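Structure record follows, encoded as structure tokens.
Since every read-out is calculated from the coordinates, none of them should be taken as a lab result. Everything numeric in this text was worked out from a predicted model, so none of it was measured. Counting neighbours? That spans all protein chains shown, and the Cβs are built from the backbone with ideal geometry, glycine included.
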Amino acid sequence: YILVNSLRRTLADEHLLPLKEYLAGTGPENCIYFLDQWMNHKTDAADFEELAGKVGQYLTIDERLAGIPVEDLAECDSFEWFDKQIIRYMVDSVTGQVANHDFCLELIKARRTRHWYDKYQYIYESLFHVFKLLQFNQAHPTIPKLGAQDMEQLYQSVLFG
């Protein structure tokens, strides 16, 4: 109940319709405040993560909220599923060669202040640098593309003269 109602801070009610039986008619602000304090508490955050995982599985959050566009998930924090979904979206963008580098960089910046960021920090930062490289490559298309072996030979020639 508390986890679902806290989503009202970041998601429109239309996105929460699959969970309508858990939405409060009044007072979601209290849920938002309580959850924010709990997930960011120094010693109780681990309990929050455990319960959020169990509730997410029980409510099948991954199925019920699957249709929400990733741009609407940027500030969502209650369930770990949001980070997994965002990371999956960015990996698919890289492998599908989708030119949405600026959007993905902003998405990563937004996630840096979220609860689950620490768990996925290295993935987010790796993707950040991938998107920076892709952004650079897009801005400078005339730079020759070298294969790994060519780069190694060039590096050795510079290093050893």
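Annotations
- Overall form of segment 40-97 per C-alpha gyration tensor (a/c, 1.5; a/b vs b/c): prolate
- Each 10 Å bin from zero holds the following percent of Cα-Cα pairs in the chain: 9, 32, 28, 15, 9, 6, 1, 0.
- Segment 104-158 shape via C-alpha gyration tensor axes, a/c threshold 1.5: oblate
- With a threshold of 27 Å on the Cα-Cα distance, the over-threshold entries among Lys54/Lys119; Lys20/Lys54; Lys84/Lys132; Lys119/Lys145 are Lys119/Lys145.
- Annotation: peptides 36-47, 136-147, 55-66, ranked by per-residue average of other Cβ atoms within 10 Å with the highest first, follow the order 55-66, 36-47, 136-147.
- By the helix-only formula, in which each DSSP H run with n ≥ 4 contributes -39500 (n - 2.57) and the sum is divided by residues, the chain has a 222 nm mean residue ellipticity of -19000 deg cm²/dmol.
- Charge dipole of the chain (Cα centre as origin; +1 on each Lys and Arg Cβ, -1 on each Asp and Glu Cβ, all else neutral): 260 debye, rounded to the nearest 20.
- Available extension along the chain between Tyr155 and Glu106 is 14.3 nm, counting 0.36 nm per residue and deducting the alpha carbon span.
- Computed packing ranks the peptides 11-20, 101-110 as 101-110, 11-20, most packed first, by mean other Cβ atoms within 10 Å.
- Overall form of segment 67-117 per C-alpha gyration tensor (a/c, 1.5; a/b vs b/c): prolate
- Packing-based ranking, highest mean first, of 116-128, 72-84 given that Cβ atoms within 10 Å are counted: 72-84, 116-128
- Unit charges at the beta carbon, dipole of segment 60-156: most positive-side option, Ala66, Ile86, Leu133: Leu133
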